[in-house]
1. Under a crude label model (7 Å from the Cα following the beta-carbon direction), how far is B:Ala132 from A:Asp261 in nanometres?
2. Around A:Asp227, under 13 Å between beta carbons, what's the net of Lys plus Arg minus Asp minus Glu among the other residues?
3. Along segment A:223-229, what does the Karplus equation 6.51 cos²θ - 1.76 cosθ + 1.60 (θ = phi - 60°) give for ³J(HN,Hα), rounded to whole Hz, x for Gly and Pro?
4. If you count, for every residue in A:175-182, the Cβ atoms of partner chains within 10 Å of its Cβ, what is the mean?
5. Please report how far the C-alpha centroid of segment A:61-99 lies from that of segment A:257-305, rounded to the nearest whole angstrom.
6. Amide H neighbours of A:Val271 under 5 Å, at least 5 residues apart or on other chains, H built in the peptide plane: list them.
7. Please work out the FRET efficiency for the pair A:Thr69 and B:Glu171, using the Cβ-Cβ distance as r and a Förster radius of 60 Å; give the result to the nearest 0.05.
8. Please give the length that would be gained between B:Phe54 and B:Ser317 if that part of the chain were fully extended, namely 0.36 nm times their separation in residues minus their C-alpha to C-alpha distance (nm, one decimal).
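Taken together, the values in this text are just the output of simple stated rules run on the coordinates, not laboratory data. Keep in mind that what you see is a predicted model, and the values were worked out from it rather than measured. We place every Cβ from the backbone using ideal geometry, glycine too, and count neighbours over all the protein chains shown.
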Amino acid sequence: MTRQAFRRLGAVAFAAALFVVLVACGTDVTGDTGEQAAEEGGGQSTLTIYSGRNEELVGGILEHLEDTTGYEIEVRYGDSAELAAQLLEEGDRTDADLFFSQNAGALGALREAGMLRELPERTLEVAPERFRASDGTWVGTSARARVVVYDPDQVDVDDVPGSIDELVDETWEGEVGYAPSNASWQSFVTALRVLDGEQAARDWLMDFRANEPEAFESNTPILEAVDSGEIALGLINHYYHQAWVTERGAGAVNAERHHPDGGDALGLVNVAGVGVLDTSEAPEAAVHAIDFLLSGTAQQYFADETAEYPMRQDVTSTRHELGELDELPGPDIDLSRLSTLDDTLELLRDVGLSS
Amino acid sequence: MIGTQAAPPPRPRRPLARALLPDAVRNAPLLATAGLGVAVLVLIPLGYLVVRAFERGTDTFAAHVFRERTFDLLLRSLTLAAAVTLACVVIGVLAAWLVVRSNLPFRGVFAVLFTLPLAIPSYVAGFTWISAWPGLAGFPGAFLVLTLVSYPYVLLPVMAALRSTDPALEEVSRSLGHGPVRTFLLVTLRQARPAALAGALLVALYVLSDFGAVALMRYEAFTVGIYTSYRASFDRTPAAVLGCVLVLLAVIITVAERRARGKAALTGQARVGAGAARQPDIVPLRRARPLALLGSVGLLAVALGVPLASLGRWLVSGASAQVDVGRLLSATWTTVQVSALGAALTVLLALPVGVLVTRYRGSFSRGIELASYAGHALPGITVGLALVFLGVRVVPGLYQELPMLVLAYAVLFLPLAVGAVRTGIAASPVRLEEVSRSLGKGTTITRLRVTLPLAAPGIAAGAALVFLTAAKELPATLLLRPTGSSTLATELWTLTEVVAYGAAAPYGAMLILIAAVPSVVLGHKLRSRGRDSEAGG
């Protein structure tokens, strides 16, 4: 046999051996579920959470949940919309007990499919009424606000646009930064449609476009551009700015933020929330977990770690200058009506602002 | 009428039942069954798509298909796929020729470096370009990024083909008075055509299925339409309808490629056999040499330099961020494990398909090969959701366990392995198998002891390609991974989503490192295969 044939056989043998080793080790990865089965046998509750909120943001508090309640917590992280699609495919066979979503829309989709269970009043009432489902199937856990960040060297605080109409003034031609592919920008446009109607929204978007706004990839580059004075104004979520201020110190950040007070979509306050799956075998434990997410401890965590507005009035961030949630001059809007994102995208395409 | 036609004599004598069976089934029932099994497995997503697409009746289906937006998406995806494929063929063939057949300096190093962009996920490359040059958004950016990450799909098979083609034809051409350019165009290109077409098919299907690059570049391709349907309306029906159209498109492209490739690919001018290998001539570039060198360096600068530079910048800026070494290593190990298992299963499934299409040509084998390409044009989320739908109902015990994820990789990446295995088997002489059987060995023994070892390089190449592609896979991995486990791609996603680029950089670097190993081996092996053979034989 030639040397080469030996080498080839060797390669095949090596591959086969590797396969065997990997299959054997494969049990490592799935080892968790073995424990899970054991736990279930022992009668202790295991809660499976599908989290559309990022592990970096909520991983800490979900670990805390495990320590506090004593439940075995399994978390599956993903994109909120994709997890909602996954839950819809799994249907009544899902293992998930809780769905923790980045936005109200994904929760609304599950609610419409009849997959969420009504929460007890005691749990719901912790959150202000406008931050929970009207039928009680989900509740907000923290809020974020759309803000206008501005460069104080170029713009006087009194001149910062506080309404959509002021924003499209010709003064700001080429001076406004926005992130066309960002979900929060799209929610803003949806709110605009819901509040002012299709035609008004279309007209406003045409005006906005005519003013030659600057498109950015995401919120942070907008903030950078405003901070450096490259553009005068930027449309972002409040926590991007707040995180910078806390991280670098107020003196080191040039850009400042303004909460639009025109009562229109520009100052939209949106929410992250949670619901219990109807098929959950441990609904009491699941509600208990939600109570924890709305407890002082968890609310403090959101206020401190993610710089979001807590649902609880009695919680104030110890790290960030946030102000009070109920003092935010946002528009009065039913958040579950923000689920018509497809119409928004079509409108943006029509107007020519989607790319 | 019938009486006037001359019927082929042997046919009527066969029993009817046997005559109806395809040759492959009659002659190799075991193999045919295995092939059929593979086809059924990889057609799972298609079955799911049909169920979802028609769940609200044919009217809804038609309403979604026949509307302007679907047509727009289709046109955009096709334009992009055509442009990227063309560019990849040009770059891939030229680069392959330079490193295999020209006297380009450092061509051994270039051969390896040229294949490295395979290791860079399209979403990383896309992010790099759009954050540095926001003006690229739209078609130019999508075209640039997809071309730069997928030209190696053409480069690799063409390198192998150029390596193993017989130089005699070129010598004949030159002896007839043709210059080097004419010889290249008339002879060399023709010899490389089947390989280039096979690579082009993979590029075209990849472009159709890619989401990362087009989404970052805000180019509304078909996959963006599919994702938007999930994300914006939480409606799975339009997504499934679009998925069906995408599969149809993949079938058309695959059939077209096979027509274009013709019989050349299967019989091939590739002479095989280790002993007969002869080093092809090296063509002197003369005055074009500095230009070729400049072009090669330029290609590497944009395809490798740009993404690596930005990764390097992240690494530096994130130096202060603490790297959780345990988390990094655990994600690395999981990635290696799932990708290696994915590669192993994919190659295992590709073997019967590869043997069927090379040794039992006919409509049965063609059908199975066609089926194996269906999953490759679908975005990961569609295949992922199909397996969610099926897994949770049919094999709930395996749902969100390792085997399900590994199966998803096989469905998604089977064509990568089928192509390589097919080439490998086509390159091993049938005569050796006949000798084995004449010595009284059974067909199965012959396959295991003769065909398989001879096709080993092709099989290894296929495994390497699947491994590195699986390591980069994100959407299906997110849906199907065991709860609580993470791969490098999912960690990269987690960290970049919260704009923690510094913290994400080590994961990106590790991912590229891991995917680079097989691509380096591929590049090195394919270039030097002829030389190895000479040394070995």
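1. 4.5 nm
2. Computed value for this residue: -4.
3. Each residue of segment A:223-229 in turn: 4, 4, 5, 5, 4, 8, x Hz.
4. Values: counts 0, 0, 0, 0, 0, 2, 7, 0.
Per residue, the number of nearby Cβ atoms from other chains is 1 on average.
5. 15 Å
6. Correct list: A:Ala104, A:Arg144.
7. Values: r = 79 Å, r/R0 = 1.32.
Step by step, r from the Cβ atoms, then E = 0.15.
8. Numbers: separation 263, 0.36 × 263 = 94.68 nm, distance 5.05 nm.
The B:Phe54-B:Ser317 span can extend by a further 89.6 nm.
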